[in-house]
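Enquirer: Take this structure first; my questions come after.
A short reminder: the numbers here are calculations on the coordinates, not readings from a lab. Quick caveat, the model's predicted, so the values are computed rather than measured. Glycine also receives a Cβ, built like all others from the backbone with ideal geometry; neighbour counts cover every protein chain displayed.
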Amino acid sequence: MTFKRHIDSREIGHLSIYLARKDRMPSRGWLNFLPRRSLAQHIIDLAKQDGILNATSHSTHYGFTGRGDIETIQPDHANGRLVMFVELVAEREHLERFACTYRELLKGKVMVYKHVEQWMVGQE
């Protein structure tokens, strides 16, 4: 029995949003005494609600973003200034709409867009 391999592809985009582990949601007025939520987690939750195809966060061990200092993992304590990034995958127009909708949260963040292909493997 022989199978033909068939790969369909479509153009999509990959957006990386670089931030620090310490980045949190803005203060909530009189509720400011409560711990604020991680900005990376919030961006991923918004991406899920918005119908983005894929959203993940990635930690780093050593690096910098923008014009910041080089940061590294500290063996004795967590380093909140260490760089991380949130990766979003969807069609370019969808990612642009997402970035414009949440521009206040993303203001000042380094964001990198890459054109990629989504592959779907099937059989004929």
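Enquirer: Using amide H atoms built in the peptide plane, which far-off residues or other-chain residues are under 5 Å from T65 H to H?
Expert: none
Enquirer: Turning to a different aspect of this structure: Could you check the simple spin-label distance between Q41 and R103, using points 7 Å along Cα→Cβ, in nm with one decimal?
Expert: Distance between label points: 2.9 nm.
Enquirer: Can you give the direction-averaged projected area of the convex hull of the alpha-carbon atoms in the range 64-124, in nm²?
Expert: Working: hull surface 29.3 nm².
So the mean shadow area of the Cα hull is 7.3 nm².
Enquirer: Based on Cβ point charges of +1 for Lys and Arg and -1 for Asp and Glu, what charge dipole magnitude is obtained for the range 7-123 about its Cα centre, in debye rounded to the nearest 20? Present the calculation step by step, with values, prior to reporting the outcome.
Expert: Working: 16 positive and 14 negative charges, 116 e Å.
That gives a dipole near 560 debye.
Enquirer: Convert each backbone phi in the range 47-63 into a coupling constant with the Karplus relation 6.51 cos²θ - 1.76 cosθ + 1.60 (shift: θ = phi - 60°), then list the ³J(HN,Hα) values in order as whole Hz, x for Gly and Pro.
Expert: With the stated coefficients, the range 47-63 comes to 5, 4, 4, 7, x, 4, 5, 8, 8, 9, 10, 10, 8, 10, 10, 6, x Hz.
Enquirer: Right, here's the next one. As I understand it, the dipole of the range 51-124 uses +1 on the Cβ of Lys and Arg and -1 on the Cβ of Asp and Glu, about the Cα centre. Which of A90, I70, T60 lies farthest toward its positive end?
Expert: Checking the options against the dipole of the range 51-124, the answer is I70.
Enquirer: Work out the P(r) tail for the range 7-123: percent of alpha carbon pairs separated by more than 19 Å, whole number.
Expert: Counting pairs separated by more than 19 Å, the tail of P(r) holds 53 percent.
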